[in-house]
């Protein structure tokens with residue numbers, strides 16, 4: 001992934017050796033677990049040392065003696081894992097002090113003054129964001145540093161795709177949630193911007209959505225970008241913001257919160273519904289395992305219209321991150337509504353996952369389709385373990401419904417073997433509808449057409465070859481740590497299984513098995529590389545073929561720490577993280593129970609230009 005910083009976020013370099021903790025920082029230890037830090041220097045950043053194994057220290061930021069904000073940082077006690085910047089430029093001309101409360105108690109033999117952070121805290125004009133991670137993806141979006149989870153507030157305007165995301169700029173664990181902001185003109189190259197929305201008196205900034213208001217219904221101006229998110233503190237409430245500069249900065253609506261409930265509800269997703277001439281909002285009633293539908297004429301005053309989901313679909317975890325949109329069903333001339341419902345835990349293979357419902361919507365009520373037995377079936381948008389919080393861009397061009405997800409799982413997201421940053425997004429995908437062999441309507445996920453621009457050259461091109469009981473091996477590209485795209489068609493003929501194995505020379509492997517009898521594709525990452533950081537990570541996932549026919553077409557994207565498998569033009573998808581000790585270098589084929597055939601095998605090396 002190629003990311004550049006705007007001029008407002010300085011190009012960052014390593015800390016100069018000459019900078020010491022005494023330069024521009026006065027430290028006063030007030031007791032066992034309390035320290036006062038006065039910022040006296042003129043540099044842009046106060047550099048905070050982090051040790052991930054620690055508990056959070058609470059930092060109250062005082063400006064001219066008044067509380068401005070509170071952040072939580074895992075300040076280093078015995079060693080420094082990495083550094084995070086606190087931007088002090090907005091406070092120039094004012095007295096700036098930080099009161100720091102650490103986790104030591106009165107019975108501790110260690111006092112805060114002995115902690116490693118005080119010997120390493122310093123001021124600097126720049127901060128290093130050059131990549132230090134072997135597993136950072138080459139062509140998936142990641143934050144420059146810090147923790148990331150759900151994508152938020154995405155919209156398309158004036159040729160630019162805006163992606164916001166749950167971001168902790170003060171560490172690579174979940175905390176201090178803000179809306180980070182990146183933008184792209186092609187969904188491949190991303191430019192990261194300053195934080196778009198930061199916590200305020202109502203709490204942290206949880207997930208939400210944005211919509212363009214061309215008719216000025218909210219009174220913030222024609223074509224203003226209006227966003228809504230969950231303010232999360234003791235309670236969860238819905239707050240409104242707007243932007244007149246295409247999402248670069250947001251104004252906070254003074255009447256916040258605009259929606260309050262007695263129970264936990266979050267992740268508002270709003271859109272304009274033309275037939276009734278009003279705004280519709282879908283809100284996840286998380287612990288009740290249902291979605292709430294509201295309407296409004298102006299995005300400020302909302303009326304609850306209906307509820308959907310009690311007892312339907314997967315119910316084992318909290319419901320989150322809804323999205324509701326209408327799409328055509330192939331070439332049938334029909335249209336159906338799709339309700340995305342992310343849940344955690346309770347996913348098909350444990351932890352997080354995205355389920356969806358197909359049905360009808362009249363502007364007030366969503367009604368799900370039923371199967372032949374009169375039941376509402378549970379459907380999954382992705383059959384991997386690492387696909388969550390999937391939502392779409394509003395106002396996408398050409399009537400596309402383009403989505404992106406968080407490429408991780410709450411079971412182990414905070415433990416994966418990276419530290420400078422944590423988590424990436426999935427590849428962007430266009431959602432299409434098709435009719436399955438059982439007569440049900442399903443959602444296909446097709447890789448964004450822009451992704452073909454990643455292709456460098458075809459390093460393997462085989463029109464056809466037979467697959468027998470002995471391994472047949474082809475070699476993957478070595479450039480750019482082996483990142484590649486693999487395209488192939490598999491005809492099982494008389495074989496019961498066709499086994500495809502990605503492998504490197506240190507024994508790491510991923511085994512994908514097409515079971516032609518059960519008509520499933522499985523993905524085994526139990527020996528894929530580094531897997532010991534969580535007992536939940538080694539796993540086998542499995543996807544069904546949803547249409548008739550024995551042939552299987554595959555399009556596989558391999559990045560430094562992920563594999564995304566799109567089967568039969570996206571009719572099923574599996575997204576799984578992998579952390580190989582060395583890049584996979586070979587792909588082998590083997591058949592069981594008979595001979596199979598591969599057609600149109602093409603392997604492209606990929607390049608970010």
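Restricted to the range 28-95, the set of strands (runs of 3 or more DSSP E) holding at least 3 residues that are closer than 25 Å to residue 205 by Cβ comprises 45-50, 57-63, 66-73, 82-87. Could you count how many residues in the range 376-401 are more than 25 Å from residue 309 (Cβ to Cβ) and in contact (Cβ under 8 Å) with a residue 24 or more places away in the chain? Number satisfying all stated conditions: 4. When each of 337, 380, 302 is tested for being modelled with pLDDT of 95 or more and within 20 Å of the chain's Cα centre (by Cα), the lone residue that passes is 380. Would you check if residue 492 is touching a residue at least 60 places away in the same chain (Cβ under 8 Å), closer than 22 Å to residue 466 by Cβ and not assigned by TED's automatic domain parsing to the domain that holds residue 356? Yes; evaluated as a whole, the condition is true for this residue. Residue 516 satisfies every condition listed in (1) more than 26 Å from residue 451 (Cα to Cα); (2) buried (at least 22 other Cβ atoms within 10 Å of the Cβ); (3) in contact with a strand residue (DSSP E or B) (Cβ under 6 Å, 6 or more places away or on another chain) except (3). In the range 568-588, which residues are in contact with a strand residue (DSSP E or B) (Cβ under 7 Å, 6 or more places away or on another chain) and buried (at least 23 other Cβ atoms within 10 Å of the Cβ)? Correct list: 572, 573, 574, 575, 576, 577, 578, 584, 587. Among residues of the range 45-56 being touching a residue at least 60 places away in the same chain (Cβ under 8 Å) and out of contact with any helix residue (DSSP H, G or I) (no Cβ under 6 Å at 6 or more places or on another chain), the one that is nearest to residue 419 (Cα to Cα) is 52.
The condition (being at pLDDT below 95 and surrounded by fewer than 24 Cβ atoms within 10 Å (Cβ to Cβ)) is satisfied by just one residue among 369, 398, 362: 398. Can you find a residue in the range 523-542 that is over 30 Å from residue 414 (Cα atoms) and in a strand (DSSP E or B)? No, that holds for no residue. When residues in the range 307-316 are screened for being loosely packed, with under 14 Cβ neighbours inside 10 Å and on the phi < 0 side of the Ramachandran plot, 2 of them pass.
Taking the listed residues 246, 223, the one that is within 20 Å of residue 270 (Cα to Cα), at pLDDT 95 or above, surrounded by fewer than 19 Cβ atoms within 10 Å (Cβ to Cβ) and under 23 Å from the mean Cα position of the chain (by Cα) is 246, with no other qualifying.
Taken together, 480, 504 contain a single residue that is out of contact with any helix residue (DSSP H, G or I) (no Cβ under 8 Å at 6 or more places or on another chain), more than 28 Å from residue 411 (Cα to Cα) and either surrounded by 16 or more Cβ atoms within 10 Å (Cβ to Cβ) or without any contact (Cβ under 8 Å) to a residue 24 or more places away in the chain (or both), which is 480.
Restricting 164, 156 to residues that are crowded, with 23+ Cβ neighbours inside 10 Å and either at pLDDT 95 or above or farther than 30 Å from residue 558 by Cβ (or both) narrows the list to 164. Summed over the range 450-470, the residues that are surrounded by 13 or more Cβ atoms within 10 Å (Cβ to Cβ) and not in a strand (DSSP E or B) give a count of 5.
All of 80, 50 fail the test of being surrounded by fewer than 20 Cβ atoms within 10 Å (Cβ to Cβ) and closer than 30 Å to residue 559 by Cβ, apart from 80. Residue check: is residue 456 in contact with a strand residue (DSSP E or B) (Cβ under 7 Å, 6 or more places away or on another chain), in contact (Cβ under 8 Å) with a residue 40 or more places away in the chain and outside the structural domain of residue 322 (by TED's automatic domain parsing)? Against the criterion (in contact with a strand residue (DSSP E or B) (Cβ under 7 Å, 6 or more places away or on another chain), in contact (Cβ under 8 Å) with a residue 40 or more places away in the chain and outside the structural domain of residue 322 (by TED's automatic domain parsing)), residue 456 qualifies.
Determine the pairs where a residue that is at positive phi, located within the range 416-445, has a partner that is surrounded by fewer than 19 Cβ atoms within 10 Å (Cβ to Cβ) with Cβ atoms under 9 Å apart, the partner being 6 or more residues away or on another chain. Short answer, once both residue conditions are applied: 439/371; 439/372.
The values are calculated or read from the model by the stated rules, or taken from the named source; none is laboratory data. In this text the structure is predicted, and so the values were computed from the model without any measurement. Glycine gets a Cβ as well: all are built from the backbone with ideal geometry, and neighbour counts include every protein chain shown.
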